[in-house]
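The values are calculated or read from the model by the stated rules, or taken from the named source; none is laboratory data. Fair warning: this is a prediction, and the values are worked out from it, not measured in the lab. Here Cβ is always computed from backbone atoms with ideal geometry, including for glycine, and neighbour counts include all displayed protein chains. Just the protein is used for accessible areas: all its heavy atoms, side chains included, with ligands, DNA and RNA removed. Shrake-Rupley method; radii C 1.70, N 1.55, O 1.52, S 1.80 Å.
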Amino acid sequence: MANAIIMASGLGTRMQPLTKSTPKPLIKVLGKPMIESVIDALEKRGVDSIFVVVGYLKEQFDYLCKKYDNVFLIENPDFRTVNNISSIYYACGKLGKDDVFICEADLFVANKDLFCRELTRSCYFGKYVKGYSDDWVFETDNVGYITRVGKCGKDNYNMVGVSYFKAEDTRILAEKIRLVYGSKGFETLFWDDVVNDNLDVLKLRVHEVDVNDIYEIDTVEELKIINGENN
């Protein structure tokens, strides 16, 4: 049994002006709101409950609870002043009992079987990128455990916005997030920074996905390319 947390509270400033009136996860890709492509793939996996953390224009997500009977909303009141660590902080009450997928909401899942493979260990989903990348990457040791989660690297797996934590690791994650939240400088933290600081106890591997399985869309130009609007 597994649950899922989808982080959907951000402002989506890089996709303005589209996000002036529409939350980024609800912008349509190939006719479907991005977040629904994530939810549909999680549904195919058979997850029990999907918790969507909302903030910016939160009322626009209400329809999801009517469309999907296992979707529930969690409000993040700190979304304007604290980085995405705030979304996991307010979802900590859903961590500790079950395995959990943690997903960003501004993704387009092209392969609906993305979540369906058996996962026996906690992991980040990643695409292998040869050469230099200024994105979030994973460095690994010689037996495959992640040794660094952070920006920039060469010949590494790149983050795709999806991770999977076994129940025992979600308890550790919740504890560490709660300890950091409210400390000096916490407002600038990504939740992945907390993971990186605790890789000695969170034994994570990379679950490799195909380059065409999932897309993170950050700009209007990227959206136009996927929607075929650049002609």
Using Cα-Cα distances under 8 Å and only pairs 6 or more residues apart, what relative contact order does the range 31-105 have, in percent?
29 percent
Quick one: of the DSSP bridges fully inside the range 1-136, what percent are antiparallel, nearest 5?
10 percent
From the Cα gyration tensor of the range 101-151, with a ≥ b ≥ c the square roots of its eigenvalues, which class applies: rounded if a/c is under 1.5, or else prolate if a/b is larger than b/c, or else oblate?
oblate
Nearest 0.05, what FRET efficiency do R117 and K203 give at R0 = 22 Å with Cβ-Cβ as r?
0.70
Each residue of the range 178-193 in turn: what ³J(HN,Hα) in whole Hz from Karplus with 6.51, -1.76, 1.60 and θ = phi - 60°, glycine and Pro shown as x?
5, 5, 7, 4, x, 7, 4, x, 5, 4, 8, 7, 8, 4, 5, 5
Could you pull the Cα extents of the range 74-131 along its three principal axes, largest to smallest, in whole Å?
35, 33, 22
Counting pairs on different chains as well as pairs 8 or more places apart, how many Lys pairs in the range 87-205 have Cα atoms under 24 Å apart?
22
Rh_Kirkwood(the range 61-105) over Cα pairs, Å, one decimal, evaluates to 12.1 Å
How long is the gain from D40 to Q16 if the chain were fully straight, where each residue apart is worth 0.36 nm and the alpha carbon distance is subtracted?
6.0 nm
To one decimal place, what Kirkwood hydrodynamic radius in Å is obtained for the range 107-197 from all pairs of distinct Cα atoms?
14.7 Å
If R₀ is 30 angstrom, what is the calculated FRET efficiency for the pair Y132 and N212, using the beta carbon separation as r and rounding to 0.05?
0.90
Checked the range 135-187 with the C-alpha gyration tensor, a ≥ b ≥ c its square-rooted eigenvalues, rounded below a/c of 1.5, otherwise prolate if a/b is larger than b/c and oblate if not; verdict oblate
With runs of 4+ DSSP H residues as the only contributors, calculate the mean residue ellipticity of the chain at 222 nm using -39,500 (n - 2.57) per run, divided by the residue total and rounded to the nearest 500.
-6000 deg cm²/dmol
Cα centroid separation - the range 59-77 against the range 94-135, whole Å:
21 Å
Would you compute the Debye intensity of the range 1-107 from its alpha-carbon atoms alone, equal scatterers and no solvent, and pass along log10 I(q)/I(0) at q = 0.16, 0.17, 0.22 Å⁻¹ to two decimals?
-0.65, -0.74, -1.24
What percent antiparallel are the DSSP beta bridges of the chain, to the nearest 5?
55 percent
Just the ratio, please: alpha-carbon radius of gyration of the chain over 2.2 N^0.38 Å, N its number of residues.
0.96
Could you work out what % of the accessible surface of the range 129-189 is carbon and sulfur, using a 1.4 angstrom probe and leaving DNA, RNA and ligands out of the count?
50 percent
